[in-house]
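Structure, as structure tokens:
Computed from the coordinates by the stated procedures, all read-outs in this text should not be read as laboratory data. Small disclaimer: the values here were computed from a predicted structure and weren't measured. Counting neighbours? That spans all protein chains shown, and the Cβs are built from the backbone with ideal geometry, glycine included.
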Amino acid sequence: MGPRRLRFTEGIRRLVAEVDLSPRHLVWPLFVKEEGEKEGISSMPGVFRHPLKDLPALGEEALEAGLGGVILFGVLPDSEKDPLGRGAYHPEGIVQRAIRTLKRHHPELLVIADTCLCEYTDHGHCGVVREGRMGFYVDNEASLDLLAQTALSQAEAGADVVAPSAMMDGQVRAIREALDRGGFAHVPVLSYAVKYASSFYGPFREAAASAPRFGDRAGYQMDPRGGLWDALWEAQLDDLEGADLLMVKPALPYLDVLAELKRRFSKPLAAYQVSGEYAMLKAAALAGYLDERRAVLESLYALRRAGAQVILTYYAPQASAWLRESLP
Ligand code: PBG
């Protein structure tokens, strides 16, 4: 007999298992809106847009579950959006208020703020849009100032970590400088370093009403056909610009990239199991095609195996409950 000797009983399998998954590894994405009641999202059954007033209870749930933290996304009515995404960096913006509410009730909860403009711009792009000779383009330099302002206002509101996701060149440096100048040298940057232009963000864009009104994000997010050079270039730049953690997004379709980053960088890595990955698992589970618990935990173990220290997943509270049942 060969390797099967180490699979014979659950006792021996448990002993030699290399990968561990605990609730502390998981970060729970939350969609926050100003008022009203919590609303479902049709492509993400079990995920909601929450009004500010629900946040203390959600923070409690995250702490009870032992999660690593939460990451916040703002949801604005169209009437409050504008070309420069002012809602992203307004001191009384939705995410700034959400951070303050959470930290007031649960100072010990780790709160991460997603730093981007697409949920706040009327055109739905992640930066400042200009008309060029070849149609519209997103102005990199002008966007950097607004992203830096956004991160600073999130830190001022009490965010423990900021997470730039706009894919503008130089955004980590611009944010790091703004935080340092503003007295927030201790606030880490979790960079969405390797972020593909992915169809798997579809349900998120419904949830956050952040789909681009024209064009797509292929001019700033990465091409799924790209070689490893692209991923390594992005990760190296963010590393040098001062990112504290590096993220790969989406997660499961890009395990090769995650594993390669693990070999090459010594900073902690994060993987984002995005809305479309959640939707696929949930739809299959609801149709009875997959055992949800086993499929979700297996996909999370795969991310840990490939090298993710931190996993952002809409399944965070549910996965934490499953882990506590301590079934294999
Ligand atoms: C903001 C942002 C997006 C996601 C996270 N931050 C949307 C996008 O880039 O279009 C997607 C997350 C998900 O699909 O769960 N730029």
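Here are the numbers for the structure shown:
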quantity	calculated
Length gained when the stretch Arg130-Asp20 is fully extended (0.36 nm per residue, less Cα-Cα span)	34.9 nm
Alpha carbon convex hull of segment 1-62, volume per residue in cubic angstrom	140 Å³
Charge sum, other residues only, whose C-beta stays under 13 Å from Ala178's C-beta, Lys/Arg counted +1 and Asp/Glu -1	-2
Rounded to 10°, Cα long-axis angle of helix 171-181 versus longest principal axis of the chain	70 degrees
Nearest-ten-degree value, helix 292-306 long axis tilted from longest Cα axis of the chain	80 degrees
Per-pair calculated FRET efficiency, R0 = 35 Å: Ser266 and Glu10 via Cβ, rounded to 0.05	0.55
Estimated FRET transfer efficiency when R0 is 30 angstrom, pair Asp291-Ala57 (beta carbons, to 0.05)	0.50
Label-to-label distance, nm, for residues given as Arg213 and Arg225 (7 Å Cα→Cβ offset)	3.1 nm
Spatial extent of segment 186-312: Rg and Dmax, with the Cα atoms as the point set, Å	15.2, 47
Net lengthening on full extension, Glu206/Leu232 (0.36 nm per residue, minus Cα-Cα)	6.3 nm
Mean residue ellipticity (222 nm) of the chain, computed from DSSP H runs ≥ 4 via -39,500 (n - 2.57), nearest 500	-12000 deg cm²/dmol
Convex hull volume of segment 23-324 per residue (C-alpha atoms, cubic angstrom)	126 Å³
Computed lengthening from His105 to Asp139, 0.36 nm per intervening residue step minus Cα-Cα distance	8.4 nm
Order of Lys249, Lys103 - criterion: other Cβ atoms within 10 Å of each residue's Cβ, fewest first	Lys103, Lys249
Principal-axis tilt of helix 140-157 within the chain, Cα atoms, nearest 10 degrees	70 degrees
Cross-link pairs beyond the 21 Å C-alpha cut-off, checked among Lys53/Lys195; Lys103/Lys262; Lys195/Lys267; Lys249/Lys282	Lys53/Lys195; Lys103/Lys262
Sorted by Cβ density within 10 Å, fewest first, the residues Ile112, Ile94, Ile41, Ile175	Ile41, Ile94, Ile112, Ile175
Efficiency of FRET from Cβ geometry, Met1 and Glu39, R₀ 35 Å, rounded to 0.05	0.05
Least to most buried among Val162, Val310 (fewest other Cβ within 10 Å first)	Val310, Val162
Candidates Arg24, Arg49, Arg225: whichever shows maximal mean-square fluctuation once the chain is modelled as a Gaussian network with Cα springs under 10 Å	Arg225
